[in-house]
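The values are calculated or read from the model by the stated rules, or taken from the named source; none is laboratory data. These numbers were taken from a predicted model, which means no experiment stands behind them. Cβ placement follows ideal geometry from the backbone for every residue including glycine, while neighbour counts extend to all protein chains displayed.
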Amino acid sequence: MIEISKVSKVFGSGDAAVAALKDVDATIQENEFFTLLGPSGCGKTTLLRLIAGFDHPTGGTIRLAGDDITYLPPNKRPVNTVFQNYALFPHMTVAGNIAFGLEMLGQSKTQIAETVDKMLDLVQMQALRNRYTTEISGGQQQRVALARALAPQPKVLLLDEPLSALDLKLRKEMQIELKRLQSETGITFVFVTHDQEEALTMSDRIAVMRDGHILQVGSPRDIYNHPVDRFVADFIGETNFLTARVAGKKVKLTSGDVIAAGDVSRHGEGAEVTVAVRPEQVRIGEAGAKGGIAATVNQTVYFGTDTHIHLKLGDGSDLVARLQSPPSGESGLSQGAAVSVQFTDGAVQVLES
Amino acid sequence: MSTSLEKQRARDGWLLSAPALVLLVFAAAGPLLIVATYAFLTPGDYSGVVWDFTLKAWFQVLFERDIFDDSISMADAHLSIFWRSIRLSLLTTILTFLFGLPTAWFIATRPAKQRAAWLFLITIPFWTNLLIRTFAIMEVIRYDGLLNKALLGIGLIETPLRIMYTDTAVLIGMTYVYLPLMVLPMFAAIDRLDIRLIEASYDLYATRLKVLTKIILPIVRPGIIAGSILVFVPSIGAYVTPRVLGGGKKMMVGNFIELQFGAGRNWPLGAALSLILLLIVSVALIFYVRVSTRSDSDG
Ligand SMILES: Nc1ncnc2c1ncn2[C@@H]1O[C@H](COP(=O)(O)OP(=O)(O)OP(=O)(O)O)[C@@H](O)[C@H]1O
Ligand SMILES: [Mg+2]
């Protein structure tokens, strides 16, 4: 659907030049919920603006359904945007905002009225249709922005952190609603967020970005379970990193323990690697259990549903385990207690670099 | 308890607004009352007024009596002066808008650091005496002035243009003099305009023209209206610019009023003309209040 090839974007020139995107390649499929995820300043908005046509790349091409749209102005692209601050027209009503794109496309009055009506139903804003957009709440504005962008039935909908201004509860509701809208309309969504949880729950595929690069593209499960590097693993959820050396098909931790790990074939025998283990994949057993790694409890932190156990291995490296809190709330692990640690099968990932 | 407190509040309110009230009475209401009274008196032989109540001044505004046969006819000269004033002021307003919109847009889209400098440049003429500014314009448009020299130089014309002492000269002068009054409020309005609204409309298939007419103009409308009033009101009462650039023949209301208090020795007529001018300005202001409140309620 959208093919982004070798796209780069430099702002300014000379000493003040900022490379916001560096040779970005990505292909976004039809009907996909595609998310750009990354920390602040990594170039998410820049990439979105290039797809929308507000700005042009300094290099590379962008294709939409096979056509080169790199330099096409925004009003000629079947692409609509939901802006981070919504950018609703303050001199128009809710209905007026939704109708705007349709009017610009030169649709007939009856056709416009019909679509606007349908959109108002879709985002449940029928009751407020004649209000000015300055007279409605943030969550309502968000829905109007969504309806306005959906009304012209674009091929692609771009959303730049549309939920960031909402409180947690409304945000969760809107996440579900957005997902529903996407599957109902069949429109390709390109969604920008720096919230990893949001990305994991909503996306078909996620592109993790950093410093103008796309580090990894994959399904939420892919990215969560097989992060390519330390940055991705760290950015998506919490992770334990341990240093190890390749020993046959297994790895040997600095603590001396040899454990089974994912694919080590990329690395030579004895090479130093970083392995990653999610805290929820760490099992704690009685000290001395067979096949376990000796550890001592450093601290327990109660999080309600979960309890985090901070452990120290023999060589002093840190490891966090996440356990479901028992009904009493007491994990029964006191500071200084000697335990043994095991990892769930397949939980230990060897990072590429 | 509470009522005595309220009484005190009310008393304090009056006390606090006393300076403003004094100013209003002596600087606004008083002089206005004097002018209104003079308009119904008889002119003195050499100047001033005689306390004889009459409607003659108002009669003279519209009609004149022939000195030979006493026949009454419309005072065409007076009407044409009013018509010229209104026409030139409206044209000035339109021209300052046409030049002012791109200027204000340009300034508002400069980086924040540069903006103060551009605004300063626009307002420099303000710190200069009006008469000097008007003479400067005269230097430009005079028969052997800069404009003609330049046009002759590049061969666009063969004989110099006669601009001085025409309506065009007055129009050029007033447009130049009042341009900052149009630019500043429009700048303020454009500065508040969120650039993302333009992007949003462009994203929603608006052409550049539609972006201008459907988004930019409606949103900066309050600034346009304020600028138009700020230009129109002083234009219609302008005195110096039409005097210098229009000469004695191309009079505007301001010059005509001055004439009545000076060489014309007809203070009541001058007073009546002043009141009519005030009426025109009031109509413009009422129009302003109407359209600007409507923009609040129905956008
Ligand atoms: N118009 C511009 N001029 C100069 N530099 C810019 C411009 N727009 C963005 N940048 C720079 O490009 C880089 C990427 O910016 P971008 O807005 O794409 O980040 P982002 O990933 O959207 O961040 P955030 O999550 O904070 O919105 C940043 O270093 C930013 O400072
Ligand atoms: Mg951004």
- Message: Testing A:Gly53 on (1) closer than 25 Å to A:Leu178 by Cβ; (2) within 16 Å of ligand 1 (Cβ to nearest atom); (3) out of contact with any Lys or Arg (no Cβ under 6 Å at 6 or more places or on another chain), one condition comes back false. Which one is that?
- Response: (3)
- If A:Ala145 satisfies every condition in (1) assigned to a helix (DSSP H, G or I); (2) over 17 Å from B:Ala206 (Cβ atoms); (3) within 16 Å of ligand 2 (Cβ to nearest atom) but one, which is the exception? (2)
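Each row is one residue, and each column tells you yes or no for (1) surrounded by 16 or more Cβ atoms within 10 Å (Cβ to Cβ); (2) more than 28 Å from the chain's Cα centre (by Cα); (3) among the small types (Gly, Ala, Ser).
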position	(1), (2), (3)
A:Val24	yes, no, no
A:Phe33	yes, no, no
A:Gly41	no, no, yes
A:Thr45	yes, no, no
A:Tyr86	yes, no, no
A:Phe89	yes, yes, no
- Name the one entry in A:Ile236, A:Ile293 that is under 30 Å from A:Val7 (Cβ atoms), buried (at least 17 other Cβ atoms within 10 Å of the Cβ) and modelled with pLDDT under 90. A:Ile236
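Is there a residue being over 30 Å from B:Thr128 (Cβ atoms), modelled with pLDDT of 90 or more and touching a His at 6+ places or on another chain (Cβ under 6 Å) anywhere in segment B:206-218? Spell out the reasoning first.
We begin by selecting, within segment B:206-218, every residue over 30 Å from B:Thr128 (Cβ atoms); these are B:206-218.
This time we only want the ones that are modelled with pLDDT of 90 or more, so: B:206-218.
From what's left, touching a His at 6+ places or on another chain (Cβ under 6 Å): B:218.
Taking every residue of segment B:206-218 in turn, at least one turns out to be over 30 Å from B:Thr128 (Cβ atoms), modelled with pLDDT of 90 or more and touching a His at 6+ places or on another chain (Cβ under 6 Å).
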- Query: Which of (1) away from ligand 2 (no atom under 16 Å from the Cβ); (2) not in a strand (DSSP E or B) does A:Lys6 not meet, given it meets every other one?
  - Reply: (2)
- Query: Here is a list of conditions, (1) surrounded by 18 or more Cβ atoms within 10 Å (Cβ to Cβ); (2) within 16 Å of ligand 1 (Cβ to nearest atom), and A:Met202 meets all of them except one; can you say which number that is?
  - Reply: (2)
- Message: It is to be established whether one or more residues within segment A:103-113 are at negative phi and buried (at least 22 other Cβ atoms within 10 Å of the Cβ).
- Response: no
- Could you tell me whether segment B:145-161 includes any residue that is loosely packed, with under 15 Cβ neighbours inside 10 Å, in contact (Cβ under 8 Å) with a residue 12 or more places away in the chain and more than 16 Å from B:Arg243 (Cβ to Cβ)? no
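Can we say B:Phe126 is modelled with pLDDT of 90 or more and either under 19 Å from B:Gly223 (Cβ atoms) or surrounded by fewer than 18 Cβ atoms within 10 Å (Cβ to Cβ) (or both)? Write out each step before concluding.
Values: modelled with pLDDT of 90 or more: no; either under 19 Å from B:Gly223 (Cβ atoms) or surrounded by fewer than 18 Cβ atoms within 10 Å (Cβ to Cβ) (or both): yes.
In short, no.
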- Task: Quick one: which residue in A:Ile259, A:Ile187, A:Ile176 is assigned by TED's automatic domain parsing to the domain that holds A:Gly314 and either more than 16 Å from ligand 2 (Cβ to nearest atom) or more than 25 Å from A:Thr274 (Cα to Cα) (or both)?
- Result: A:Ile259
- Just to be sure, is B:Ala238 over 13 Å from the mean Cα position of the chain (by Cα) and at pLDDT 90 or above? no
- Would you check which residues across segment B:148-183 are part of a helix (DSSP H, G or I) and more than 15 Å from B:Ala136 (Cα to Cα) and list them? B:Lys149, B:Ala150, B:Leu151, B:Leu152, B:Gly153, B:Asp167, B:Thr168, B:Leu179, B:Pro180, B:Leu181, B:Met182, B:Val183
- Go through segment B:230-278 and give me each residue that's crowded, with 19+ Cβ neighbours inside 10 Å and of a type in the set (Lys, Arg). B:Arg243, B:Lys250
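Among the candidates A:Leu150, A:Leu170, single out the residue that is within 24 Å of the chain's Cα centre (by Cα) and within 12 Å of chain B (Cβ to nearest Cβ). Can you show your working first?
Details: A:Leu170 fails: within 12 Å of chain B (Cβ to nearest Cβ).
Of the residues listed, the single one that is within 24 Å of the chain's Cα centre (by Cα) and within 12 Å of chain B (Cβ to nearest Cβ) is A:Leu150.
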- Just give me the residues in segment B:83-105 being closer than 18 Å to B:Met186 by Cβ and among the β-branched types (Val, Ile, Thr), in sequence order. B:Thr92, B:Thr93, B:Ile94, B:Thr96, B:Thr103
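Of all residues in segment A:46-96, how many are part of a loop (DSSP other than H, G, I, E, B), away from chain B (no Cβ under 11 Å) and free of Cβ contacts under 8 Å to residues at least 60 places away in the same chain? Write out each step before concluding.
Kept after step one, since they are part of a loop (DSSP other than H, G, I, E, B), are these residues of segment A:46-96: A:53-58, A:65-66, A:69-73, A:77-78, A:83-92.
Next, only the ones that are away from chain B (no Cβ under 11 Å) stay: A:56-58, A:65-66, A:69-72.
Now drop any that are not free of Cβ contacts under 8 Å to residues at least 60 places away in the same chain, which leaves A:56-58, A:66, A:69-72.
Selection size over segment A:46-96: 8.
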- Item | Search result, residues across segment A:28-45 that are within 16 Å of ligand 2 (Cβ to nearest atom) and in a loop (DSSP other than H, G, I, E, B) | A:Gly38, A:Pro39, A:Ser40, A:Gly41, A:Cys42, A:Gly43
